[in-house]
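Student: The structure's right below; bear with me while I get my questions together.
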Amino acid sequence: MMQDPLLYVFDLAASFMLAAAASCRARNGGAHFSGAAVLACLAGLAAPLLRDALLGHPVLALNRGDYLAAAVAGAVAGTLAARLGHAWRAFYWLDSLGLGLAAGVGGVRGAVFGLGVVGCLVLGVLTALAGGLVRDVALGDTARLVEEDSYATAAALGVMLALVALLYGGMPLWACVLACCGLVLVLRSLRLRKGLQGGI
């Protein structure tokens with residue numbers, strides 16, 4: 001179980017954001033609502049399932065209906081976001097938020113379970129990339145972790161910041177996750193500006 005209630009809230013929020021990003025991307029590409037909803041659930045559950053499996057609790061997220069509820073709610077939110085005039089921008093920020101929160105929770109949770117710095121870094125990055133990888137492969141897209149230089153790198157740098165804040169700054173777990181997410185959002189916003197200047 002999560003050691004900090006806010007850590008648990010951020011974990012659910014990550015599942016929600018990743019599911020919403022998947023649903024938004026699928027619906028914007030013409031997918032049927034039911035297909036987009038299934039994909040959203042897969043993407044939203046991928047992060048906690050992979051993280052907990054690597055930590056030795058492979059069915060923890062499946063035993064808690066709130067993770068599935070968060071993913072379903074994300075699927076609905078993503079469908080609504082796909083109807084916006086700039087659906088690609090909504091997708092970008094939902095995906096970035098999910099990436100940052102999942103990375104932070106993964107890295108911090110690894111530290112709570114006694115992993116070393118390298119183990120926490122690997123766990124945080126793998127957790128962060130799981131949802132987007134499931135989404136991109138299912139949709140036949142080039143995986144963003146391969147295509148964009150600020151995707152996996154942003155997650156890794158965010159986890160590093162969270163670990164520094166936790167191990168050397170003595171910050172509470174929730175603050176470390178927010179620091180990770182904040183850095184990921186900053187790096188992703190720089191990527192967005194660069195993309196706009198180059199014409200996405």
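The values are calculated or read from the model by the stated rules, or taken from the named source; none is laboratory data. Values in this document were obtained by computation on a predicted structure and should not be read as measured data. No Cβ is skipped: glycine too gets one built from the backbone with ideal geometry, and neighbour counts run over all protein chains shown. Keep in mind that these areas ignore ligands, DNA and RNA; they rest on the heavy atoms of the full protein, side chains included. Shrake-Rupley method; radii C 1.70, N 1.55, O 1.52, S 1.80 Å.
Student: Could you pull the accessible area for residue 160 with a 1.4 Å probe, rounded to 10 Å²?
Tutor: Number for this one is 90 Å².
Student: Express the relative contact order of the chain as a whole percentage, based on alpha carbon pairs under 8 Å and six or more residues apart in sequence.
Tutor: Across the chain, relative contact order equals 25 percent.
Student: With a cap of 13 neighbouring Cβ atoms within 10 Å, and only residues DSSP puts in a loop, list the trypsin sites (Lys or Arg not before Pro) found in segment 1-93.
Tutor: For trypsin sites (Lys or Arg not before Pro) across segment 1-93 that sit outside H, G, I, E and B with at most 13 neighbouring Cβ atoms in 10 Å, the list reads 83.
Student: Give me the percent of the accessible area of the chain that comes from carbon and sulfur atoms, probe 1.4 Å, all protein chains in place.
Tutor: Exposed carbon and sulfur together represent 69 percent of the surface.
Student: Could you report the chain's accessible area per residue, 1.4 Å probe, as an integer in Å²?
Tutor: Ligands and nucleic acids excluded, the result is 44 Å² per residue.
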